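Novice: The structure's right below; bear with me while I get my questions together.
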Amino acid sequence: MTRPSQVSDGDAGDPIPADRLLPAPVLRLRLAALFAAQLFDYGTFTIMVERHGIKAELNPIVANGFLAFGLPIIALAKLALVILVGSVIVLLGHNRSASVATTRIATFVTIVAVIGGLVGGISNVSAH
């Protein structure tokens, strides 16, 4: 049986002390930044398509997906991206004692996903 300050370590049943986990505020900040950046990209995409049409989209995969299935497929793909990348961030950042490299990879994944969303949103805003 684990105490409230400990988390079970999978099949081994060995508890991981709570101080070895990624702090919850840091994890929430990473997930919020990911969500905000991808929502910014999605929101600016919808405005760009309304104003300039789908021909303004630079990503051919997104443009062809939109033409074939409409806006719901873009929303579904964005949601899947946020869930997948968010899960990777949580899993990599879950146990800080695993290695310093694992924590750095979680940070790198977060930064790349946030920059990707911001660059996509900025390119949508600057479309003419």
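Novice: If the Cβ limit is 6 Å and pairs must be 6+ apart or interchain, which residue in the stretch 99-128 that is farther than 10 Å from Thr44 by Cβ and without any contact (Cβ under 8 Å) to a residue 60 or more places away in the chain pairs with which residue that is buried (at least 18 other Cβ atoms within 10 Å of the Cβ) and of a type outside the set (Val, Ile, Thr)?
Specialist: Hits for this filter: Thr102/Leu92; Ile105/Leu92.
Novice: Let me ask another. Give Asp9, Asp14 a once-over and let me know the one that is modelled with pLDDT under 55 and acidic (Asp, Glu).
Specialist: Selected residue: Asp9, the only one of Asp9, Asp14 that is modelled with pLDDT under 55 and acidic (Asp, Glu).
Novice: State the number of residues belonging to the stretch 85-121 that are under 17 Å from the mean Cα position of the chain (by Cα) and farther than 21 Å from Ala24 by Cβ.
Specialist: Adding up the residues that qualify gives 8.
Novice: Another question, if that's okay. Can we say Ala56 is under 21 Å from Val85 (Cβ atoms), at pLDDT 55 or above and not charged (D, E, K, R)?
Specialist: Taking the combined requirement at face value, the residue does not satisfy it.
Novice: Let me ask something else. Confirm whether Gly117 is surrounded by 17 or more Cβ atoms within 10 Å (Cβ to Cβ), at pLDDT 95 or above and within 24 Å of Pro23 (Cβ to Cβ).
Specialist: Against the criterion (surrounded by 17 or more Cβ atoms within 10 Å (Cβ to Cβ), at pLDDT 95 or above and within 24 Å of Pro23 (Cβ to Cβ)), Gly117 qualifies.
Novice: All but one of (1) surrounded by fewer than 17 Cβ atoms within 10 Å (Cβ to Cβ); (2) farther than 18 Å from Val49 by Cβ hold for Ala77, so report the exception by its number.
Specialist: Answer for Ala77: the failing condition is (2).
Novice: Out of the residues in the stretch 39-74 that are of a type in the set (Val, Ile, Thr), surrounded by 11 or more Cβ atoms within 10 Å (Cβ to Cβ) and free of Cβ contacts under 8 Å to residues at least 60 places away in the same chain, which is farthest from Gly121 (Cα to Cα)?
Specialist: Ile73
The values are calculated or read from the model by the stated rules, or taken from the named source; none is laboratory data. All values reported here derive from a predicted model rather than from experimental measurement. Don't worry about glycine lacking a Cβ; one is built from the backbone with ideal geometry, like all the others, and counts go over all protein chains shown.
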